[in-house]
Amino acid sequence: DHTPAMPARAQSNTGKRGFVNFSFQACDHESLPFPDESFYLATCGSAFHHFPKPALVLSEMVRVICPGGTIALTDIITSEDEQKAALHNRLENMRDSSHTRSLSLSELVTMFEAAGLHDIQTRTLPSPRELEEWFAISHTSSEIADLVRKEFIASIRDDAAGLSVYQVGEVVHFC
């Protein structure tokens, strides 16, 4: 991870679970400080949408993986529809300025193939969330939250952002 807080949290969590053969460190994700073919597993969780150059990050992950190793990626994906993806990413950027761009599943698969990876397996899982919870995660200001909320509600009729937005009473949900 690029920030020291996340590796410290990961180390603590693995220790609590009794895992002893893990280590974590903060480093530049575009230039990993490890020799080629150092690991059997490289993971990236919920971060690709923050990287300005996700293909470069992936190439570094590929570089440090041993032959036969595994790369596992968890991240949000956006719609295959360019207009829906554009609105989704614009709303993400309004809420969280560290968001760069969510990729569609086909873009991610193409990126993995271009990096020379084979036997690419994908699985998508819905991740239902309340809009207010989403705002709290990034400490979105009330002014921005009001603007984004209005756009979310306006997108319900035709799923304009590709996020399956729905409303129960006053509570806005999406996944």
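The values are calculated or read from the model by the stated rules, or taken from the named source; none is laboratory data. A quick note: this is a predicted structure, and the numbers were derived from the prediction, not measured. When we count neighbours, we look across all protein chains shown, and the Cβ atoms used for this are built from the backbone with ideal geometry, even at glycine. Heads up: the accessible areas ignore ligands, DNA and RNA and are worked out on the full protein's heavy atoms, side chains in. Shrake-Rupley method; radii C 1.70, N 1.55, O 1.52, S 1.80 Å.
Name every residue in the stretch 102-130 that is in a helix (DSSP H, G or I) and within 14 Å of the chain's Cα centre (by Cα), in order of residue number.
105, 107, 108
Could you please tell me which pairs satisfy a Cβ distance under 6 Å, a separation of 6+ or placement on different chains, a first residue in the stretch 53-74 that is within 12 Å of residue 116 (Cβ to Cβ), and a second residue that is β-branched (Val, Ile, Thr)?
The qualifying pairs are 61/71.
Restricting to the stretch 133-144, name every residue that is open to solvent by 60 Å² or more (accessible area, probe 1.4 Å) and either in a loop (DSSP other than H, G, I, E, B) or touching a helix residue (DSSP H, G or I) at 6+ places or on another chain (Cβ under 8 Å) (or both).
139
Report whether or not residue 147 is touching a helix residue (DSSP H, G or I) at 6+ places or on another chain (Cβ under 9 Å) and within 14 Å of residue 96 (Cα to Cα).
yes
Of all residues in the stretch 35-61 being part of a loop (DSSP other than H, G, I, E, B) and under 15 Å from residue 98 (Cβ atoms), which is most open to solvent (accessible area, probe 1.4 Å)?
So the residue we want is 53.
Residues are listed down the side, and each one gets a yes or a no for (1) under 30 Å from residue 148 (Cα atoms); (2) more than 18 Å from the chain's Cα centre (by Cα):
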position	(1), (2)
40	no, yes
53	yes, no
61	no, no
64	no, yes
67	no, yes
71	no, no
81	yes, yes
91	yes, no
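Looking only at residues that are open to solvent by 30 Å² or more (accessible area, probe 1.4 Å), outside any helix (DSSP H, G or I) and of a type in the set (Val, Ile, Thr) in the stretch 62-75, which one is nearest to residue 30 (Cα to Cα)?
Taking the candidates together, the pick is 71.
Hey, any hits in the stretch 12-34 for a residue that's hydroxyl-bearing (Ser, Thr, Tyr) and either in a loop (DSSP other than H, G, I, E, B) or open to solvent by 60 Å² or more (accessible area, probe 1.4 Å) (or both)?
Yes: the stretch 12-34 contains one or more residues that are hydroxyl-bearing (Ser, Thr, Tyr) and either in a loop (DSSP other than H, G, I, E, B) or open to solvent by 60 Å² or more (accessible area, probe 1.4 Å) (or both).
Would you mind telling me which numbered condition in (1) open to solvent by 20 Å² or more (accessible area, probe 1.4 Å); (2) closer than 29 Å to residue 154 by Cβ; (3) of a type in the set (Val, Ile, Thr) residue 78 fails?
Residue 78 satisfies every listed condition except (1).
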